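The values are calculated or read from the model by the stated rules, or taken from the named source; none is laboratory data. Because the structure is a prediction, the values reported are computed rather than measured. Ideal geometry is used to build each Cβ from the backbone, glycine not excepted, and the neighbour counts take in all protein chains shown. Note: accessible area is taken over every heavy atom of the protein model, side chains too, but ligands, DNA and RNA are not part of it. Shrake-Rupley method; radii C 1.70, N 1.55, O 1.52, S 1.80 Å.
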Amino acid sequence: MIDWVRSRPWLGDLVLVAVVLAAELRGVGTVKSLLITLACAGLVGLGRRHPVPVVALVGVLYLLGTMPPGYDTPGSAMIIALFLAGRHAPARAAATVALGAAAVSGTLSADALVGHPPTGVTMTLFPMLPVTAGHVVGLRAEMARRGREQAAERAVREERRRIARELHDVIAHHVSVVSLYMGAARRLIPTDGERAKQALLTGEDTARQAMTEMRHLLEVLRTDGEKAEGLAGVGAAGLPALVGESGNAALEVTGEVVTLPAPVDHAVYRVVQEALTNTRKHAAGAASRVRLAYLPGRIEVEVSDDGRASGGSGLGLGLAGMAERVSLVGGELKAGPAPAGGFLVRARIPLPERT
């Protein structure tokens, strides 16, 4: 509802016109007053788009109302016009309007300034109040607008990071598996053609899986609404197949298996996937062990290998992506050389209480 009203500012203009008519028409006693009221109401409707000219014209009509015959000034229209000048005019123009209005009011209140100074000063400074109030409202609206823009920019940045993590995990894992089986096929071709053929078929199947996941991610981007966590098989249930295709790896599951929340389920799979990918990249030929432990109130994922890293300790985007994934679901991740040798990745993720 608020967004609907915000997108139709002309509704506010009509409300201000109605307020001036309702406030001023009740006291109209002469044709002069009627004409001034109608003119002021029409001008107030233009105050959002032309605040300074409107406040000047309404001020002229206000002065005409102080002249004979009769005394009937459009006070509500003057206050609204001053407010609109503070709300919509640039700061310097709004300050000029406030000072000019105070000077005119001081001239009209000259007798009060001499006879009763407190009253005269109040009457002189009063026109500055609606201008100040309008300027404060404008500042708050500008801050709110910037806050919405910053929130939208943060959402865009977060979505870009999420997509980058997905692309990195899909491409890095499947390419490393394809490379593994292509290397095996190359070595087996001279001695065992059948096994080489099987290695090539496995590599082909892995490449096909990569294309399927990539296609799904592109569909997510196009539809702008579906979450990537809906990828088929990307969860704890898909770990046996993931570990199996990784070659020299074993999976151990302990504890009572429970259904994991989708974000946690997805994070568990991606952590194991990236850890196995890093093992193939940085410790080729090492044996890996994956342990998934369902514990009271949390789940633990541990991936270790017995190799010696060939690329140093920096694992680049992979380790950063794992840490970010785990952090987003409220967990913590530790990674580094294992005490007994090799490399160890351990993630602890809290689970919501079961009802």
Do we have Ala210 as in a helix (DSSP H, G or I), at pLDDT 75 or above and either buried (at least 16 other Cβ atoms within 10 Å of the Cβ) or of a type in the set (Phe, Trp, Tyr) (or both) here? no
Mind checking which strands (runs of 3 or more DSSP E) fall wholly inside the range 296-353 and carry at least 2 residues that are open to solvent by less than 30 Å² (accessible area, probe 1.4 Å) and at pLDDT 90 or above? 298-305, 343-350
Hey, among the residues in the range 11-31 that are within 24 Å of Val97 (Cα to Cα) and of a type outside the set (A, V, I, L, M, F, W, C), which one's surrounded by the fewest Cβ atoms within 10 Å (Cβ to Cβ)? Gly12
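So that you can scan it fast, the table gives a plain yes or no per residue for (1) at pLDDT below 80; (2) surrounded by 14 or more Cβ atoms within 10 Å (Cβ to Cβ):
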| site | (1), (2) |
| --- | --- |
| Ala236 | no, yes |
| Gly244 | no, no |
| Ala250 | no, no |
| Leu260 | no, yes |
| Val268 | no, yes |
| Val272 | no, yes |
| Leu276 | no, yes |
| Lys281 | yes, yes |
Which numbered condition in (1) modelled with pLDDT under 80; (2) acidic (Asp, Glu); (3) surrounded by 12 or more Cβ atoms within 10 Å (Cβ to Cβ) is the only one that Asp192 fails? (1)
Residue selected from the range 84-136 under the condition of a type in the set (S, T, N, Q) and open to solvent by 70 Å² or more (accessible area, probe 1.4 Å), by the criterion farthest from the chain's Cα centre (by Cα): Thr107
With respect to Ala141, is the statement that it is modelled with pLDDT of 75 or more, within 30 Å of Tyr269 (Cβ to Cβ) and not polar (S, T, N, Q) true? no
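It is to be established whether one or more residues within the range 32-40 are closer than 21 Å to Leu129 by Cα and either among the hydrophobic types (A, V, I, L, M, F, W, C) or surrounded by 21 or more Cβ atoms within 10 Å (Cβ to Cβ) (or both).
yes
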